[in-house]
Amino acid sequence: MSVFTECQLSSGVCLKNRFVKAAMEENLADANQLPSQALFNLYQAWAKGGVGLIITGNVMVDRFAMTGPGGVVLEKDTPLDAFEKWAKQAQLNNTKVIMQINHPGRQVFKRMGGKVLSPSDVALNMGKHSGLFETPKAMTEDEIHDVITRFVDTALQAQRAGFDGVEIHAAHGYLLSQFLSPLTNKRKDEWGGSIQNRSRLLINIVSQVKEACGEQFILSVKLNSADFQRGGFDINDASVVINALAPFNLDFIELSGGSYEAPAMQGKSGDDRTLAREAYFLEFAKKLVSESSTPLMVTGGIKRLAVAQNAVEAGMSLVGLASALAYKPDLINKWLHEPELLGYIPKVDWKDKTLAGLANMSLVKRQLRRLGANKLPMNNASAFFSLIMDQIKVFRLTKRYKQHLNKQTQTN
Ligand SMILES: Cc1cc2nc3c(=O)[nH]c(=O)nc-3n(C[C@H](O)[C@H](O)[C@H](O)COP(=O)(O)O)c2cc1C
């Protein structure tokens, strides 16, 4: 089967091809944490560029718990006008769009403030950069139920705004992934211990979102194939979770890997295992696909059409691209006529792995800002300069976020 053939999802939605724009946090929300004109421009470029499905950058379910400044927030009372416009731009050219919804848990930079929650009070270990993060507070039962309600409220709001579905982010070391991992979940109650208990929060959220939004709304989960840390969530755990999700008839499960501590999604593992040069998680996904009744999508490192095609031939229903589409939003259209065209994924190879990871992200985010301003991406941007620019931007946006929070706290 060709990666260009259409894909019928279990919700009844038909995608025009199997290419998916994977989630990339844009940090382009307006001062009220709503979608901005820059986001409309950016998503229009992707919709016109040929992918069958777009997954938005992660949208927060709680304005007091943010992965970064300039992030979009959607809560139960958030006005929907800007979200409606956002969905419409992303749906041009017969493209479907789903909103990725997320809670950061402990992966919150100290400078952001707000709530820093996690299943247990295990701080991030980022070596000499650990001080950038707060030690999280172990969640109470009420806080766990509040998070479930928030995911359901946000999914319902996305549906009202015209999105075709949602993807629940349970990968990359954010809150749901923290519950799944034995390294961060040390709880002794029904939410910790066995993988059945560690996945209880995710399963509860999936079940309630499905019930609230119905069968015809795309529902997907992004899951780590492994944490890439010794003693962490591994492929056997992933297999159990995929089986536990089977009764919910998800449209697809997106497989990725890693966390802030071990950024495997950038092609670097936290232990000695090496990741394949391209399609980092394909080997894991191949092992999981034979046991999974849910369609799988694999994301990470894909920049060549032949590699995307290979993933489909290995049984993947969908193929996700992130960085390559920041540099060439119309890469899929181009591949129709130029199948050998090579996409670009930056690889900053500095000794300080944390700074290298941040520089990588800043290079990609710079392209997102350029596309948002209707400018062309820059292929040869300097990693160092992009990182400095990004840090200045983060500083300014964090200040704006704090002012916004203060106003909100005073009016509540
Ligand atoms: C700038 C940037 C922002 C990202 N934001 C998100 C996000 O919000 N949610 C998510 O699941 N993954 C996020 N990712 C990870 C990508 O979805 C993807 O898993 C990863 O970049 C590997 O794919 P790639 O090699 O095609 O870039 C982000 C990646 C980049 C580069």
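Only protein atoms count toward the accessible area here, which uses a 1.4 Å probe; on the chain, the carbon and sulfur part of that area reaches 52 percent.
FRET efficiency for the F395 to N249 pair, using the beta carbon distance and R₀ = 35 Å, is estimated at 0.20.
For region 62-187, the fraction of alpha-carbon pairs lying more than 21 Å apart is 43 percent, rounded to a whole number.
The spread of Cα positions in region 319-393, taken along each principal axis and listed from longest to shortest, comes to 39, 28, 21 Å.
Normalised by residue count, region 192-261 yields a Cα convex hull volume of 93 Å³ per residue. Stretching F384 away from L80 to a fully extended chain increases their span by 105.6 nm, per 0.36 nm per residue minus the current alpha-carbon distance.
Normalising the average separation of contacting C-alpha pairs (under 8 angstrom, six or more residues apart) by the number of residues puts the relative contact order of region 239-364 at 20 percent.
The share of Cα pairs per 5 Å bin across region 49-105, counted from zero up to the longest distance, runs 4, 18, 25, 23, 16, 10, 4, 0 percent. Pairs of Cα atoms nearer than 8 Å and 6+ residues apart set the relative contact order; for the chain it is 16 percent.
The three principal axes of the C-alpha atoms in the chain carry coordinate ranges of 54, 46, 45 Å, sorted with the longest axis first. Each Lys and Arg contributes +1 and each Asp and Glu -1, all at the Cβ; summed about the Cα centre of region 217-265, the dipole is approximately 20 debye. Note that region 329-341 has calculated 3J(HN,Hα) couplings of x, 9, 4, 5, 4, 5, 4, 4, 9, 10, x, 8, 4 Hz, one per residue in order, obtained from phi through the Karplus relation 6.51 cos²θ - 1.76 cosθ + 1.60 (θ = phi - 60°); glycine and proline are x.
Here the peptides 220-226, 355-361 are ranked by packing, the mean other Cβ count within 10 Å, and the order with the highest first is 220-226, 355-361. Kindly state, to the nearest 0.05, the FRET efficiency for D142 paired with N406, given R0 = 30 Å and r defined as their beta-carbon distance. Taking R0 as 30 Å, the efficiency between D142 and N406 is 0.75. The length gained on full extension between L92 and K286, counted as 0.36 nm times the residue separation minus their Cα-Cα distance, comes to 66.6 nm. Secondary structure note: in the chain, about 10% of the DSSP beta bridges are antiparallel. According to the calculation over all Cα-Cα pairs in region 242-358, the P(r) per 10 Å bin from zero is 13, 40, 34, 13, 1 %.
Once the C-beta distance of A31 and T5 is scaled by a Förster radius of 41 Å, the resulting FRET efficiency is 0.40 to the nearest 0.05. Accessible area per residue for the chain is 40 Å², calculated with a 1.4 Å probe on protein heavy atoms, without ligands, DNA or RNA.
The values are calculated or read from the model by the stated rules, or taken from the named source; none is laboratory data. Note that the structure is predicted; figures quoted are calculated from it, not measured. In this analysis, Cβ positions are derived from the backbone assuming ideal geometry, glycine residues included, and neighbour counts consider all displayed protein chains. For accessibility, only protein heavy atoms count, side chains too; no ligands or nucleic acids. Shrake-Rupley method; radii C 1.70, N 1.55, O 1.52, S 1.80 Å.
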